[in-house]
Structures are given as C-alpha cells and as structure tokens.
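Presented below is the structure to which this report refers.
Quick note: the coordinates plus some simple rules give every number you see, no bench work behind them. Computed from a predicted structure; not experimentally measured. All Cβ positions, even for glycine, are placed from backbone atoms using ideal geometry, and neighbour counts span all protein chains on display.
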Amino acid sequence: MAISAVLAAVLLLAACGGPAELADEEMGDPVPNLVILSSLPEANLVNYEMAQELADELAQIGVTMEARPTDFSVLLDVIYGEDMDYDAYTIGWSGRVERLDPDMFIHSINHSSNAVPGANNTSRYVNPEFDELADAQRREMDIEARREIVWQAQRILAEDIPRITLYSRANVQTYDRTRFSNMVNMSGEGLFNEWSPMVMEPISDDYTVPIVASNVNITNLNPFAARSVYDWRNLRLIYDKLVRLSPEVEPRPWAATGWQIVDDTTIDVELREGMNFHDGRPVTVEDVVWSYQTWMDLPESYFASFTNPIASVEAVGDNTIRFVLEEPYAPFITTTLTQIPILPMHVWEDVGDVTQYANENPIGSGPFQFVRFRTGEELVTERFDDYFEPPKIEGYIFKIYASPEGVLTDLELANVDVISYDLIPAHINQIKDNEGGRFDHLELTEAQDIGFFYIGMNNNRPPFDNKAFRVAIAHLVDYDYALDVLLDGYGSRGGAGLVINAANEFWHNPDVPIYDTYDPERAREILEEAGFTWDSQGRLRLPRG
C-alpha cells in the first residue's frame, strides 16, 4: 500500500510537468548572458577578484557571466548614465564623515526617487514600503524614534537584497612623520580628510608642500558633475561650505558663523563676513543662494537627496540666508549644509548647462586654490592666504599613480608624504616588517570605516529583477575569502543586505539577519523553490510566466 502511494505521487508529479520532466521548450527563457563590470586590478584588487569569483560560481549553476575589468571613470559613466545599460558591477561607497548620519545609506542610495539616471540608487531598487520608512526617518526629529525607523528600513533591505555588501576595509594609511605633524585621522576617511590639509604642520620650513598619493585618477573638477570621492576629496578643499563636521564629528560653523532654527521647517544661516573667492571677489549671500538654488534645480544630481527637502532659499538681509524646507528634515545641518559647496555666481551664471561646464580653472573660496591639473598625473594647489583660517602648509600636490606598487616605491624613497587611500594588505605588512629600516620615517594609522564595497545589481533587469535570484547570488559569495584572504583580515565582514555596518554603532541594527554564508547548495535550493529550472544543456532557465 505504501509503495502504491509513492508510485501515485511520482506519476502525479510527472503529469503536472515537474521541473525534472520538462522539455527545454516548455521551460522559461534561459537566463541571459551577464556582464559584471569590475575594478581594474591595480585600482582595487579585491573587487576585481570577487567579480571573477562570482562569474566562476555562476558558471557552476548554468549562468554565463563575464567579469569585465573597467576603468573607474568609465564605470561611473555607465552606472550613472542615461541608458542604465548594465547588469551588475562592483564598486564602493566611502565612509565620508557626513555618512555617519544614516540618510545617505538609507535614502540616497535606496529610495525609488533616486533610481533614475544621475542619482545614487544605481541598483534601481524600488519598494514603496521601504520608501515610506526612508521618508519617515528624515522627518522624525526625535533621535530614538528615528533610529527605530532606520532599523526597520534595514530589515527590509536585508530581505530584498538590492545589492550585496562584500566587505568594509580598515582605513590603514601612512604619512611621513619626519616631515609633517598634527595629522588628523578620521573614521571612514583616514588621513586625507578635509581637516588634515588645514591643520597639519611642517616639521621644517624647508619642506612645506606635501605630496599626497592617489591610485585613482580625478575624473571631474566641476562640482555639478563630480560623482566620486576621489573628486570631492579635492573639491571640498577648493570650495567652501557653510558647515563642516569637526574631527569629533560635530557640526562646526564654517563659512557660516552660526544658524538659528526658526521652526521645524525654517532655518536661518549667518554668512561669515569678509570672505573672498580666489579671484578676489567677495563671497555674498547671493552666491550662497545661487549655489543652493542651482543644486535644487538639478533633481537628479549627486546631492539630490540632500537638496530635494529644500522648498526655497533666499537672502533675508546682508548676511542671512533663509532655508524653508518642504517638511522637517532631521539631518539638514549635518548632511546638507556640510556638503553643498559655495560657488561664485559671477563665474557660473552664464555658462549654460552647469553640468557640462569644463571648469578648467576652478575658483572657490576654500582654504586651497587651484594651480593646475594634468589628468592622470597631478593636481597642484596652493594655500589661499586670504582665508579666514589659512592652513599651515603652503599647498599640496595630489599625485596620481598607475598602481599601488609605484606609491610604495615612492614612500620608501620619501617622494610621497601622505596617502589618500587604504593600503593594500601586502604593503601594510611590508611597512610593518621593516620598522626601523627603509620605512622607518613612516607612521601607520588605522581608523574604522563606515563605508562598504559591494556587488550592485540592476534590479530592473532580468534575472536581477527576481528577488529569489538575488538571494541565491548572496549564497554564492565567499565572504571569508574576501576578508581573510584578499584583505588579510584588514577590514570587516560583508553580507547581503548590510548597508550600515557595526562601526556606525548607534544606527546599525545588530538584529537584522543578513546572508553572509557561502552555501552553493542552498543557492540551488532557493532557485528551485522559486521556479527556476535547468535545461538539457545545464543552462539555468527563468521561471515560466
């Protein structure tokens, strides 16, 4: 009797067309051939290797993926481009200090309003339930209530997996301690933050212009078109901001002398008197109003999430700027006023499309003024002596290298004074192993990073528009390999759905279950349960219908 029951069940399964019995023509379409755009190995070896690892893992489950190394500037053009023509990519969000507030990693990179060309939701993730939470956390002025909303939003991201966080780096960097002192080491940024160049002190009067090394090129000197941390590391020193976040991560009046919260949606900001642009023209409230209004007129810009809450901006008196918000926006002081640069209206107002202006000779009002730029080689600046708090150094040279190996050689030869990126593990260990030797002039520093590197997936394109496929992918990533082998332990573990990591302790939700276990067998089970099948050639097929 038991045998007959089993036989009946088998026959029923066959009659219903179970996956194992389907002919190829009865199955869904084959999963299309995919391309993942990865970093060049000399720019980010970990991202390069992890993209290749994913392609290899997908091949084992019948999916063809090409891992295509891509120059960073080209990668940005693709994922921010009008066509949105890509499958997947590897990249990272730096842990800039403004991003300690959760709005960047909750709203800016995940809200559906930013899933458009030019804005930061390059995963094209759309979930109305999530959007409600992302909007609500901005309005909530009580910090404990806001944290609860942010924690709820993290739960949804962990369930939906719009991207897969691979790892976070430790910000291990170095500088020449025999030439400079009073360096500032900031969480998420390391040494070349916006404070070190302003407060670092030369040891000798004979050497006052440090050479800062980068392994990534500057792609744009136009603030309206800049889209990477590598551009903004320099632009924020050439252009000034109303507020800067201090080394202690407190909002400090800067180009402003202070602000007054008039009510929940009205903020008055007092502009510092006596400031000039680098061409000698005075900085006025009209320049500030024009700058903010122009950003507001670019709803799909890099800073759209932080200017969209502004309903209007106007001058009310000789030194006061009034901001009126659409609704209460909790992080306005710490994320909007700290990021939007003040530009000279007299330079920009007649250029036409501001996003297309070459800006070959940037004129700002910041602590350093532009001297020259040679793409792929160097950016040269000099101290702006008319600045209200002039730096101790006489300028800096931002030198661009083709590979980290070239930087290490020049560190050894004392041809580099500060690095602007995280050292790769092999170079950290070389410097440590040669203390007292050829690297004895260097000081290693370390800071926690709140940023992360990830696999981005175009959630609007098959197969990544299928949540089950994204969940399955998460089980094909070897997070231990990334952290323990490629990073040699200099970082922290990733996991699908993780966007606010444990280094940002207050806002991180420790109870969110994330997919951080390499389990190919479970990946296959997830696909089968979701209706994916394999054809006679072993190719993965999409669910029918």
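Evaluating 6.51 cos²θ - 1.76 cosθ + 1.60 at θ = phi - 60° for every residue in segment 307-320, the Karplus couplings come out as 9, 4, x, 7, 7, 7, 9, 8, 7, 10, x, 5, 10, 10 Hz, glycine and proline recorded as x. Each Lys or Arg adds one and each Asp or Glu subtracts one; over the other residues with Cβ under 15 Å from the Cβ of Ile218, this totals 0. Calculate how steeply helix 285-296 sits against the longest principal axis of the alpha-carbon atoms of the chain, using the helix alpha-carbon long axis, and give the answer as 0 to 90 degrees to the nearest 10. Orientation of helix 285-296: about 10 degrees from the principal axis.
Scanning residues 5 or more positions from Leu245 or on other chains, those with amide H under 5 Å from its amide H are Arg252, with H placed 1.01 Å from N in the peptide plane.
Its relative contact order, with pairs defined as Cα atoms under 8 Å and 6+ residues apart, puts the chain at 25 percent. Backbone amide hydrogens, once placed in the peptide plane, bring Thr320 within less than 5 Å of Leu271, excluding anything fewer than 5 places away on its chain. Straight-line reach from Lys467: taking Cα to Cα under 16 Å and skipping same-chain neighbours fewer than 8 places apart, no lysines fall in range.
Here the spin labels are modelled as points 7 Å beyond Cα on the Cα-Cβ line, and at Asp386 and Arg461 they lie 4.9 nm apart.
Residue separation of Asp83 and Val209 scaled by 0.36 nm, minus their Cα-Cα distance, works out to 41.1 nm of gained length. Relative to the Cα centre, the charge distribution of segment 359-454, modelled as +1 at Lys and Arg Cβ and -1 at Asp and Glu Cβ, gives a dipole magnitude of about 200 debye. Place a point 7 Å from the Cα of Ala402 along the Cα-to-Cβ direction; which residues of segment 201-233 have their backbone N under 16 Å from it? Counting backbone N atoms under 16 Å from the label point, the list is 214-217. When every Cα-Cα distance of segment 426-480 is counted in 10 angstrom steps from zero, the calculated P(r) takes the values 17, 27, 20, 18, 15, 4 percent.
What net charge is computed for the residues neighbouring Pro41, neighbours being all others with C-beta under 15 Å from the C-beta of Pro41, Lys and Arg scored +1, Asp and Glu -1? For residues surrounding Pro41, the net value is -4. The modelled label-to-label distance for the pair Glu144/Ala311, using points 7 Å beyond Cα in the direction of Cβ, is 3.0 nm.
Taking 0.36 nm per residue of sequence separation and removing the Cα-Cα distance, the Asp519/Gln293 pair yields an extension gain of 76.3 nm.
Against the chain, whose longest principal axis comes from its Cα atoms, helix 128-139 is set at around 20 degrees. Between Asn182 and Ala414, the simple label model (points 7 Å from Cα in the Cβ direction) yields a spacing of 2.2 nm.
Each 5 Å bin from zero up to the one holding the largest Cα-Cα distance in segment 243-348 carries the following percent of pairs: 2, 13, 23, 27, 21, 11, 3, 0. Between Glu435 and Thr257, full extension at 0.36 nm per residue minus the direct alpha carbon distance yields a gain of 59.6 nm.
Cut-off 19 Å, label point 7 angstrom out along Cα-to-Cβ of Asn33: give me the residues of segment 49-69 whose amide nitrogen falls inside. Only 52-69 pass the distance filter. Taking every alpha-carbon pair within segment 71-151, the share separated by more than 17 Å comes to 52 percent. 3J(HN,Hα) couplings calculated from phi for segment 97-104 with the Karplus curve 6.51 cos²θ - 1.76 cosθ + 1.60 (θ = phi - 60°) are, in sequence order, 4, 4, 8, 4, 5, x, 4, 4 Hz; Gly and Pro show x. Computed from phi, the 3J(HN,Hα) profile of segment 217-227 under the Karplus parametrisation 6.51, -1.76, 1.60 (θ = phi - 60°) reads 6, 7, 9, 7, 9, 8, x, 6, 10, 5, 9 Hz, with x in place of Gly and Pro.
Taking only the Cα atoms of segment 162-311, the ratio Rg/Rh comes out at 0.99, with Rh defined as the Kirkwood radius. Average 1/r across all pairs of distinct alpha carbons in the chain, invert it, and you get the Kirkwood radius: 25.0 Å.
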